[in-house]
Amino acid sequence: MSAFGGERVNVREGQGFAFFLDKHLYAETIEADEVRLEETTCKVVRGKTVVIGPGCQIDLVEYVDDFKHAGGAVGTARKVEGRP
């Protein structure tokens with residue numbers, strides 16, 4: 001597992017992961033201003049705006065402005081002050 005970061009992180013099924021056999025992203029931490037995930041397993045996701053979609057297994061989501069749970073599984077989601 002690894003960590004991903006940036007201004008925007010957008011993981012969608014069938015886009016950009018053709019070289020992976022199982023087409024699923026595994027990460028320890030994902031952190032960005034805007035995070036949109038599908039088919040992702042991750043311990044911690046942090047962002048100003050976070051959308052968790054189908055096929056996700058996320059242990060903890062920390063967000064500043066907005067959180068949408070549009071499928072998948074989220075253990076805990078909590079709003080934090082300032083940049084996470």
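No lab work stands behind these numbers, since they all come straight from the coordinates. This is a predicted model, so every value here is computed, not measured. Cβ coordinates were reconstructed from backbone atoms using ideal geometry, including for glycine residues, and neighbour counts include every protein chain displayed.
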Self-check item: Peptides ranked, highest mean first, by Cβ atoms within 10 Å: ranges 69-75, 49-55
Solution: 49-55, 69-75
Quiz item: Over the stretch 3-79, what per residue volume does the convex hull of the Cα atoms give, in whole Å³?
Solution: 70 Å³
Quiz item: Could you give the length gained on full extension between residue 44 and residue 78, defined as 0.36 nm per residue of separation minus the Cα-Cα distance, in nm?
Solution: 11.1 nm
